[in-house]
Every structure is written in structure tokens, then in C-alpha cells.
Amino acid sequence: MPIHPAHTPQQKADFLEVPRQLYADDPNWVGPLDLELKRLFSPQHNPHFAEGEAQWWVAYGPNGKLLGRIAAFIYYPKVRRYAVPTGGIGFFESVEDYAVAEGLLAQAQSWLAARGMQAADACINFGENDRFWGVLIDGFDSPPSYGMPYNKPYYADYLTRYGFEVYFKQESRELDLRQTPERIIRIAQRAAQKEGVSFSYPSLTHLSKYLRDFQTIYNDAWQFHEHFVPLTDERLKVIAEGLRPILMEEMIFFAYVEGEPAGVIVAIPDLNQIFRPWRGRPSLWQLLLFLWRKRNKYAWYRKKGILTRARVMLMGVRPKYQRRGLESALAYLPIAPVIPMGITHAELSWVGDFNPAMLAVLEATNARLSKIHATFRYYFTPQARLQAAQRQNIITRTF
């Protein structure tokens with residue numbers, strides 16, 4: 001079974017084509033746009049290449065039949081924060097044949113090991129964890145929201161057979177925005193009435209100020225999470241450039257305390273409701289129609305009842321402002337403007353099992369558990385596993 005690096009234009013096209021063939025009969029699959037993946041694997045567009053590297057492969061069968069694909073990547077600022085050097089594996093796709101999956105995983109492991117890695121996480125993204133992160137293990141009965149992975153049910157089994165173990169699980173929940181629990185409403189209203197507390201929607205025409213506020217909140221609120229890497233100006237710029245064309249001001253909400261940025265919630269329209277028929281490869285005409293119809297905050301799609309859902313990508317409050325009800329305020333106060341626009345549901349995705357505080361917020365909303373993803377980890381040697389365990393014991397004793 002030949003496994004080739006995707007170097008030539010045809011091999012790169014094959015890499016993008018694999019899932020279209022694999023999910024040809026799956027009505028729930030929504031293909032990531034080829035345009036997005038090309039940018040992800042482009043050093044000109046992905047800032048992680050400045051301090052990292054990536055490679056991707058395609059597996060072929062007889063007569064050039066596409067059997068699978070995989071990518072491996074290393075982002076060195078994050079590697080240095082792990083107990084042992086840990087790379088990433090992602091965009092894994094395979095026909096239902098473990099030999100194919102094993103060959104692809106071995107290829108990615110070999111590439112990572114040659115560059116000093118002793119472990120790998122799968123399936124993850126060569127970028128931020130807001131998209132293409134995790135392996136779907138429960139919730140195959142509905143399409144994914146924009147940026148969330150969807151895969152064959154046997155992938156988790158194949159990873160486990162290879163030696164991967166679940167590192168953490170990630171919950172996604174479906175919320176009917178018209179049925180907010182009274183308790184959340186009361187807490188939100190009390191928080192909003194406190195002296196010195198204010199809220200603001202960003203102006204996308206004056207984005208730089210709100211980007212700085214977002215950076216302040218993010219780098220403070222997530223600093224204690226394992227393997228946190230501060231959000232640099234360059235990474236923030238790329239994230240903003242990628243999201244700006246699809247954002248709606250009504251889906252981004254900042255909390256301030258005495259004028260200081262304190263918390264934020266960021267949601268985006270669930271564009272998979274629009275992109276689903278495209279199978280990841282829209283025609284020029286489809287793209288032009290989309291650009292025309294998305295004017296006025298996707299008005300055409302909302303009026304037609306095509307766009308009815310948002311995806312909440314991120315919500316956080318800086319540590320010194322927590323336990324003031326700001327979490328409930330951020331979850332509830334932005335709802336009122338979007339319901340008349342036809343956005344009646346939101347997927348809250350994703351929250352890891354390492355974040356019990358945010359899981360408690362999800363539980364309080366009465367949102368329905370809709371999907372579970374998992375991030376897997378594989379230590380290449382018993383020594384690497386032991387070293388990681390010893391490091392974890394030291395951290396546990398320290399805190």
C-alpha cells in the first residue's frame with residue numbers, strides 16, 4: 001500500500017478528495033471547505049509554520065484508488081510545555097480496513113519521531129483548537145456544526161488498537177435559545193445591574209480595540225489550562241482575518257468591570273447549514289451566490305429558514321472577575337437580539353472534561369448533550385509514558 005507525501009498538485013488534490021469519496025453515502029457529513037484546508041497547510045497563511053512544521057500523506061490502493069490520508073505537525077512553542085515532546089496528528093481518514101489505518105498512523109509517528117517527538121495527540125489541528133479538533137465518539141446522528149470534526153465510527157477503535165488512549169473528552173451541547181432557565185436569567189440580570197459592570201458588542205469597523213480586549217481576556221482566562229500558549233499578535237491577526245468575513249456583531253459580547261475587559265463570548269453562524277450541499281468543494285457560482293446572499297448578516301439564508309443556528313466557539317471570564325455572575329450574563333444577555341433574526345438554536349462546542357467550571361455552566365443552561373469528541377494521546381515508548389506520569393505527579397503534589 002503506497003503512502004505518498006502530498007507534494008505534487010495531484011497528490012494535494014487527492015488529499016482533499018479522500019473524504020468526499022469516503023463519505024459519499026453519508027448524509028450527515030459536511031466537508032470542510034478545500035479553500036480553508038489549503039490555507040491551513042500554507043506557510044503564507046498559517047502563522048504556526050513560523051515556529052512549526054507539517055506534512056501530509058495519501059494512501060493509495062490498486063489502480064490509484066484513494067484509501068486514506070493523514071497529516072502530522074509540530075508547533076514547538078506548545079511542544080516545550082508538555083512533559084515529553086508531543087506532536088500532533090490530524091485530518092485522518094481511512095477506509096474500513098485497519099491495515100490502512102495502521103500504515104497511515106505509523107507513517108505519521110515515524111515522521112514525528114524523526115523530529116524528536118516522543119508522543120502524539122490525535123486528531124487535532126495545526127492551529128487553534130476552535131476547529132478540526134477531536135474524534136467524534138458519540139453523536140453520529142446529525143451533521144456537525146461549522147468547524148467541528150465528523151468522522152467514521154470506527155476511527156476511535158482504530159486509534160485504540162494502535163495504542164492511543166483517550167486524553168480528554170469534549171462535550172458539545174444543543175441549546176434552544178427560546179428556553180433559557182429562569183435561574184440563568186436571574187443571575188444574569190443581577191450581574192448586569194452591579195455597579196461598574198458594563199457590556200458591549202464589538203464594532204467590526206473598529207475591530208482593533210476589541211481584538212486587544214479579546215487578547216487580554218484570553219491570555220488571562222486560559223493561562224492556567226494545561227499547555228496554554230499565549231495568544232500572540234500574529235496569531236490573533238490570522239484568527240481575526242479568518243473569522244471576520246463570517247462574524248456577526250450580535251454574536252460577540254464583551255463584559256467590562258470598571259472599564260477593564262473582564263469576559264467574552266464568541267459565536268459564529270453555523271455555516272454548515274449553508275455549506276452542507278457543497279461537499280467541501282463549491283463551484284464558482286455557488287461562492288458568488290453565497291457572497292451575494294450573505295449580505296446584511298445572512299438575511300437571505302435567515303429569511304429562507306436555512307440559517308437557524310449559531311455555534312458558540314468560546315466563552316471565558318478572567319480569574320479575578322469570576323464568581324460574579326458574568327458567565328451567566330454572557331450566556332443570556334446576547335440571546336435577545338438574535339432570536340428575532342431567526343437564530344433559535346446554538347451549539348455550545350466544545351468544553352473539555354478538564355474544565356469542570358464551564359461544564360457546570362453548560363449543565364445549568366439545560367442544554368441537550370448532542371455530541372462527544374475525544375482527543376487521544378499515544379506515547380511512543382514506555383519510557384516516555386513513565387516520564388509523563390512522573391511529571392504529572394510532581395505537578396499534582398505542587399498544587
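In the stretch 1-98, which helices (runs of 4 or more DSSP H) lie fully inside it and hold 2 or more residues that are aromatic (Phe, Trp, Tyr)?
On the way: elements: 9-22, 34-40, 76-79.
In the stretch 1-98, no matching helices (runs of 4 or more DSSP H) lie anywhere.
Screening the candidates ILE274, ILE268 for the property of being outside the structural domain of SER145 (by TED's automatic domain parsing) and either in contact with a strand residue (DSSP E or B) (Cβ under 6 Å, 6 or more places away or on another chain) or at pLDDT below 95 (or both) yields one hit, ILE268.
Taking the residues in the stretch 222-240 that are surrounded by fewer than 15 Cβ atoms within 10 Å (Cβ to Cβ) and out of contact with any helix residue (DSSP H, G or I) (no Cβ under 7 Å at 6 or more places or on another chain) as candidates, determine which candidate is modelled with the lowest pLDDT. Ranking the candidates gives GLU226 first.
The residue that is surrounded by the most Cβ atoms within 10 Å (Cβ to Cβ), among those in the stretch 271-293 that are out of contact with any Lys or Arg (no Cβ under 6 Å at 6 or more places or on another chain) and outside any helix (DSSP H, G or I), is LEU271. Could you say whether any residue in the stretch 199-221 is in contact with a Pro (Cβ under 6 Å, 6 or more places away or on another chain) and surrounded by fewer than 17 Cβ atoms within 10 Å (Cβ to Cβ)? For the stretch 199-221, residues in contact with a Pro (Cβ under 6 Å, 6 or more places away or on another chain) and surrounded by fewer than 17 Cβ atoms within 10 Å (Cβ to Cβ): present. Looking across GLN118, GLN55, one residue alone is surrounded by 18 or more Cβ atoms within 10 Å (Cβ to Cβ), modelled with pLDDT of 95 or more, out of contact with any strand residue (DSSP E or B) (no Cβ under 6 Å at 6 or more places or on another chain) and not assigned by TED's automatic domain parsing to the domain that holds TRP222. It is GLN118.
Whether a residue is in the same structural domain as GLY127 (by TED's automatic domain parsing), loosely packed, with under 15 Cβ neighbours inside 10 Å and farther than 29 Å from VAL229 by Cα was assessed, and GLU17 does not pass this test.
For the stretch 241-267, the candidate set comprises residues that are buried (at least 20 other Cβ atoms within 10 Å of the Cβ) and in contact with a Lys or Arg (Cβ under 7 Å, 6 or more places away or on another chain); within that set, the residue that is farthest from PRO19 (Cα to Cα) is ALA262. Residue count for the stretch 58-82 satisfying the condition of being farther than 23 Å from LEU231 by Cβ and surrounded by fewer than 19 Cβ atoms within 10 Å (Cβ to Cβ): 6.
Being in contact with a strand residue (DSSP E or B) (Cβ under 8 Å, 6 or more places away or on another chain), assigned to a helix (DSSP H, G or I) and either under 27 Å from THR375 (Cα atoms) or not assigned by TED's automatic domain parsing to the domain that holds GLY196 (or both) is the requirement here; does ILE217 meet it? Spelling it out, ILE217 is indeed in contact with a strand residue (DSSP E or B) (Cβ under 8 Å, 6 or more places away or on another chain), assigned to a helix (DSSP H, G or I) and either under 27 Å from THR375 (Cα atoms) or not assigned by TED's automatic domain parsing to the domain that holds GLY196 (or both).
Evaluate the stretch 145-160: report whether one residue or more is in a loop (DSSP other than H, G, I, E, B), within 22 Å of the chain's Cα centre (by Cα) and basic (Lys, Arg). Steps first, please.
Let us first name the residues in the stretch 145-160 that are in a loop (DSSP other than H, G, I, E, B), namely 145-154.
If we keep only those that are within 22 Å of the chain's Cα centre (by Cα) as well, we get 145-154.
Then keep just the ones that are basic (Lys, Arg); that gives 152.
Yes; the residues of the stretch 145-160 include at least one that is in a loop (DSSP other than H, G, I, E, B), within 22 Å of the chain's Cα centre (by Cα) and basic (Lys, Arg).
For the stretch 336-360, which positions are surrounded by fewer than 20 Cβ atoms within 10 Å (Cβ to Cβ) and either over 26 Å from LYS169 (Cα atoms) or out of contact with any strand residue (DSSP E or B) (no Cβ under 6 Å at 6 or more places or on another chain) (or both)? Full working, then the answer.
Applying the first criterion (surrounded by fewer than 20 Cβ atoms within 10 Å (Cβ to Cβ)) to the stretch 336-360 yields 336-337, 339-342, 344-345, 353-360.
ALA336, PRO337, ILE339, PRO340, MET341, GLY342, THR344, ASN355, PRO356, ALA357, ALA360, listed by residue number.
Take the residues in the stretch 166-196 that are among the hydrophobic types (A, V, I, L, M, F, W, C) and out of contact with any Gly (no Cβ under 9 Å at 6 or more places or on another chain); name whichever of them is surrounded by the most Cβ atoms within 10 Å (Cβ to Cβ). Walk me through how you get there before you give the answer.
Let us first name the residues in the stretch 166-196 that are among the hydrophobic types (A, V, I, L, M, F, W, C), namely 166, 168, 175, 177, 184-185, 187-188, 191-192.
Of the ones still in play, those that are also out of contact with any Gly (no Cβ under 9 Å at 6 or more places or on another chain) are 166, 175, 177, 184-185.
Details: VAL166: 15, LEU175: 23, LEU177: 18, ILE184: 20, ILE185: 16.
Only one residue fits best here, namely LEU175.
The values are calculated or read from the model by the stated rules, or taken from the named source; none is laboratory data. Everything numeric in this text was worked out from a predicted model, so none of it was measured. Glycine also receives a Cβ, built like all others from the backbone with ideal geometry; neighbour counts cover every protein chain displayed.
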